[in-house]
1. Mind telling me which of the residues Ile147, Ile101 ends up being open to solvent by 30 Å² or more (accessible area, probe 1.4 Å), within 18 Å of Thr4 (Cβ to Cβ) and without any contact (Cβ under 8 Å) to a residue 60 or more places away in the chain?
2. Out of (1) exposed (fewer than 11 other Cβ atoms within 10 Å of the Cβ); (2) over 12 Å from the mean Cα position of the chain (by Cα); (3) without any contact (Cβ under 8 Å) to a residue 40 or more places away in the chain, what's the single condition that is false for Thr131?
3. If I filter the stretch 83-98 down to residues being of a type outside the set (A, V, I, L, M), part of a loop (DSSP other than H, G, I, E, B) and in contact (Cβ under 8 Å) with a residue 24 or more places away in the chain, which single residue comes out as surrounded by the fewest Cβ atoms within 10 Å (Cβ to Cβ)?
4. Taking the stated definitions as given, is Met67 touching a residue at least 24 places away in the same chain (Cβ under 8 Å) and within 27 Å of the chain's Cα centre (by Cα)?
5. Suppose we filter the stretch 1-46 for residues that are surrounded by 15 or more Cβ atoms within 10 Å (Cβ to Cβ), assigned to a helix (DSSP H, G or I) and among the hydroxyl-bearing types (Ser, Thr, Tyr); how many remain?
6. Can you tell me how many residues in the stretch 122-161 are within 18 Å of Asn17 (Cα to Cα) and among the β-branched types (Val, Ile, Thr)?
7. Considering the stretch 107-161 alone, what residues qualify as being out of contact with any strand residue (DSSP E or B) (no Cβ under 6 Å at 6 or more places or on another chain), under 20 Å from Lys24 (Cα atoms) and not in a strand (DSSP E or B)?
8. In this structure, is Lys79 loosely packed, with under 11 Cβ neighbours inside 10 Å, closer than 30 Å to Glu11 by Cα and basic (Lys, Arg)?
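The values are calculated or read from the model by the stated rules, or taken from the named source; none is laboratory data. What you are looking at is a predicted structure, and each value in this text was computed from that prediction instead of being measured. In this analysis, Cβ positions are derived from the backbone assuming ideal geometry, glycine residues included, and neighbour counts consider all displayed protein chains. Heads up: the accessible areas ignore ligands, DNA and RNA and are worked out on the full protein's heavy atoms, side chains in. Shrake-Rupley method; radii C 1.70, N 1.55, O 1.52, S 1.80 Å.
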Amino acid sequence: MNITYQLTQEEYLQAVNLHHKKGKRTFILAIYVMLATLIVIVGTDFSNTREIMTNTIAAFFSISFYMLFVRVLSAYQAKNVYQKSTTLPNEVTLHISGKGIKLDKKRHHAAIPWRAFSQWKNDERFYLLYTNPRQFNVIPVRAMSEIEKKELNTYLQKYIS
């Protein structure tokens, strides 16, 4: 089976967002919120209403800034990776078979056997195939027919799951 597609920068950012929906970021945010709350509780004189309000507002803006910073940093990193990549912005053809996935660009050939993939995840827009917890390959669903989707699912369930 051959799948030919060109991934846009926006699609790559959406795939990165799908990758980050693991819950690890939520866990880190929860720890940060608990730490900020603990600092406010320990460092506040509760007999002074002004100090309570000041510390609460400071904690709120600190948490909000952290959330915004993480979101912006993630988007910046994804954009940077996309622009520096020799593969992502170009049209690629994937040859998918029982041996694995072979990337075929006009001047670049690379093959990844099925045993190199540790897990996979998909939604209505993408398939993400992980070679390690932080590195994944993106296959957009829009580039496949229903028969190709079923065939890919069969390969994924047989060789990765």
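1. Just one listed residue meets the conditions, Ile147.
2. (1)
3. Only one residue fits best here, namely Gly98.
4. So Met67 passes the test.
5. 2
6. Matching residues across the stretch 122-161 total 4.
7. Those that are out of contact with any strand residue (DSSP E or B) (no Cβ under 6 Å at 6 or more places or on another chain), under 20 Å from Lys24 (Cα atoms) and not in a strand (DSSP E or B): Asp123, Pro133, Arg134.
8. no
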